[in-house]
Amino acid sequence: MQQIGECVKLAKKIQPEELRRKELMPAERRRILESKKLFLMRHIIDTEGYDDKTLVDDVSNGLSLVVEVPKSNVLPRKLLPAVLSEEELHANSHKANLALRYMTRSSGDLELDEKLWAKTVSEVDKGWMLGPLTWDTLSSGDTVSRRFPLEQGGSQINSTVTCYEQATVDGPDVICAFATFLMRCLAEQGKPTTLLGRSLDLASAYRQLAIADSSRKHAFLSVYNPASSSAELFQQLALPFGSRTAVNAFIRCARFLQWTAAKCLRLPLSCYFDDFVSFSPPQLASNSQAALCLMLDVLGWGFDKEGPQER
């Protein structure tokens, strides 16, 4: 499958099967994954020989926030063991939730509080979160985290996670080496070495993936409401930023998109979390970017369409 046109034709052909598969999902997960072409992803993985064979099933079923992170066979191996069992998390949850509710207070900056509240409400409108919920909604073993105006680390939920792989990204050194290698190759062929670099960002990257049903009990958030001066309860449906499992899950997807662009479009990219950087001779840059955007559209991944950044 070397041409993007084949992807477009195949996506249309298997659309009925895509719809049937999504009809079996819970409504909340279906809304988050509605645009994803899961059968097309599976076809590319099987046909082109990608090593992450369980990626589509993991995305379809939603990603767990606790216990073990699925192995991808594409990320480098590195053991990061859990330091807290899920049973210990459950045993401490009631007291921890009660304490956290009363710890959810103003940041001391009304503007920050209002922005955080507005962001939370907008995520409910987008289907990424449920709420506000009543606190008696919580059942035994449910886990609440506190939402701050700034992302916070050190979650007890993350402490229950065991990872067998390291979520790697292509930093500035890789991007520079990538450009240097391309220029060297052009020079060896006697061609001009001028390159145009472009970056493309996936939109609301983590929120394009869903939480597994079994992990929704660990996805409650306490958010300060500046209007009522009280803690309000929400439940996340899309993967949260700051979750250890969310990082690995998203990097698996990003690496798949990077690999697909190289394998099927002959378009090499660097991958830095949700940011893809490509380099092309100026005369090919527009076509290269158009092909990448079309690939993401066909696969159902949202990206910033305000216009690619050029350097």
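The values are calculated or read from the model by the stated rules, or taken from the named source; none is laboratory data. Keep in mind that what you see is a predicted model, and the values were worked out from it rather than measured. Don't worry about glycine lacking a Cβ; one is built from the backbone with ideal geometry, like all the others, and counts go over all protein chains shown.
For the range 240-247, the criterion of being at pLDDT 95 or above, buried (at least 22 other Cβ atoms within 10 Å of the Cβ), of a type in the set (G, A, S) and within 22 Å of T54 (Cα to Cα) is satisfied by no residue at all. Provide a single number: the residues in the range 11-43 that are of a type outside the set (D, E), in contact (Cβ under 8 Å) with a residue 40 or more places away in the chain and closer than 30 Å to Q235 by Cα. The number of residues fulfilling the criteria is 9. Scanning the range 188-206 for residues that are buried (at least 16 other Cβ atoms within 10 Å of the Cβ) and of a type in the set (K, R) gives a single hit, R198. The condition of being assigned to a helix (DSSP H, G or I), of a type in the set (S, T, Y), closer than 26 Å to R31 by Cα and assigned by TED's automatic domain parsing to the domain that holds S228 does not hold for S93.
Among residues belonging to the range 51-83 that are acidic (D, E) and part of a loop (DSSP other than H, G, I, E, B), point out the one that is surrounded by the fewest Cβ atoms within 10 Å (Cβ to Cβ).
Among them, the one singled out is D51.
Any idea how many residues of the range 96-143 are in a helix (DSSP H, G or I), among the charged types (D, E, K, R) and crowded, with 17+ Cβ neighbours inside 10 Å? Within the range 96-143, residues that are in a helix (DSSP H, G or I), among the charged types (D, E, K, R) and crowded, with 17+ Cβ neighbours inside 10 Å number 3.
Residues checked against (1) modelled with pLDDT of 95 or more; (2) surrounded by fewer than 15 Cβ atoms within 10 Å (Cβ to Cβ); (3) small (G, A, S):
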site: V161; (1), (2), (3): no, no, no
site: R184; (1), (2), (3): yes, yes, no
site: Q208; (1), (2), (3): yes, no, no
site: Y224; (1), (2), (3): yes, no, no
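Note on the range 89-125: residues that are in contact (Cβ under 8 Å) with a residue 12 or more places away in the chain and either more than 11 Å from V144 (Cβ to Cβ) or not charged (D, E, K, R) (or both) total 25. Looking at A227, A219, A187, A231, just one residue is assigned by TED's automatic domain parsing to the domain that holds R252 and not β-branched (V, I, T), and that residue is A187. Of the numbered criteria (1) out of contact with any strand residue (DSSP E or B) (no Cβ under 8 Å at 6 or more places or on another chain); (2) of a type outside the set (D, E, K, R); (3) within 29 Å of N73 (Cα to Cα); (4) outside the structural domain of E28 (by TED's automatic domain parsing), the one S139 fails is (3). Scanning for something of a type in the set (S, T, Y) and under 26 Å from G242 (Cβ atoms), does the range 24-35 turn up at least one residue? Within the range 24-35 (the criterion being of a type in the set (S, T, Y) and under 26 Å from G242 (Cβ atoms)), the answer is yes, since at least one residue qualifies.
When the residues of the range 266-289 are filtered to those that are in contact with a helix residue (DSSP H, G or I) (Cβ under 6 Å, 6 or more places away or on another chain) and of a type outside the set (S, T, Y), the one that is nearest to K305 (Cα to Cα) is V277. The residues of the range 171-204 that are in a helix (DSSP H, G or I) and touching a residue at least 40 places away in the same chain (Cβ under 8 Å), listed by number, are V174, I175, F178, A179, L182, L186.
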